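One structure below.
The values are calculated or read from the model by the stated rules, or taken from the named source; none is laboratory data. On a predicted model such as this, the values are computed, not experimentally measured, just so you know. Neighbour counts are summed over all protein chains in view; Cβ atoms, including those assigned to glycine, are modelled from backbone coordinates with ideal geometry.
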Amino acid sequence: MSEDAQKRPWDNANGVQILLQAQESGMLEPLMAQLRKDYDRAGVLFPFQGKDVLELGVDDLFAGLKEHMYRLLMEYFDQYLNLMYAVDIPERDFSTLQLTDAVDAAGQLTVMVITREWHKLQLRQRFGGADKS
């Protein structure tokens, strides 16, 4: 991770980079399955219902997730809170957000969610844990 990316860990480019890394390592499908599972646990409709997310490019995938996050923030705040809980975003991460407007917040929160889901998959892969979260 570049020094600039370390200063701004929730930059949109980092989210796209994680999706690209997942795609290149053959882990995009499990990443999307984990994300879909947490959306379901939160009672939030997954933004790509009826679509094969693997056919989308990582930029389009990120843009769709970000747009959905924006909608949750602006119109369905209770669902947004449920999603953050289901994904298990650490509270300390929220204090690192650099809020300027709702669109930026949606982008940063999308990166936060993708990062957390990617971390869950890596831990599960490393330690061979059961599919519990």
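Brief remarks follow.
- Total residues in the stretch 45-99, condition among the hydrophobic types (A, V, I, L, M, F, W, C), more than 20 Å from N14 (Cα to Cα) and in a helix (DSSP H, G or I): 7
- Every residue from the stretch 79-100 that is under 18 Å from L35 (Cα atoms) and loosely packed, with under 12 Cβ neighbours inside 10 Å: P90
- Verdict on T115 being out of contact with any Leu (no Cβ under 8 Å at 6 or more places or on another chain) and in a loop (DSSP other than H, G, I, E, B): no
- Among the residues listed as D60, D40, D88, the single one being at positive phi and among the charged types (D, E, K, R): D88
- Checked across the stretch 50-62, the condition of being touching a helix residue (DSSP H, G or I) at 6+ places or on another chain (Cβ under 9 Å), under 22 Å from T100 (Cβ atoms) and either crowded, with 16+ Cβ neighbours inside 10 Å or modelled with pLDDT of 95 or more (or both) holds for at least one residue.
For (1) modelled with pLDDT of 95 or more; (2) basic (K, R), each residue gets a yes or a no:
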site	(1), (2)
L72	yes, no
D88	no, no
R92	no, yes
S95	no, no
D101	no, no
A105	no, no
V111	no, no
K120	no, yes
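- Residues located in the stretch 31-52, provided they are within 14 Å of the chain's Cα centre (by Cα) and farther than 15 Å from V87 by Cα: P47, F48
- L109 vs. criteria in contact (Cβ under 8 Å) with a residue 40 or more places away in the chain, touching a Ser or Thr at 6+ places or on another chain (Cβ under 8 Å) and at negative phi: no
- W118 passes every criterion in (1) farther than 14 Å from N12 by Cα; (2) without any contact (Cβ under 8 Å) to a residue 40 or more places away in the chain; (3) of a type in the set (A, V, I, L, M, F, W, C) apart from (2).
- Note on the stretch 38-49: among residues that are surrounded by fewer than 16 Cβ atoms within 10 Å (Cβ to Cβ) and touching a residue at least 24 places away in the same chain (Cβ under 8 Å), the one that is farthest from E117 (Cα to Cα) is G43.
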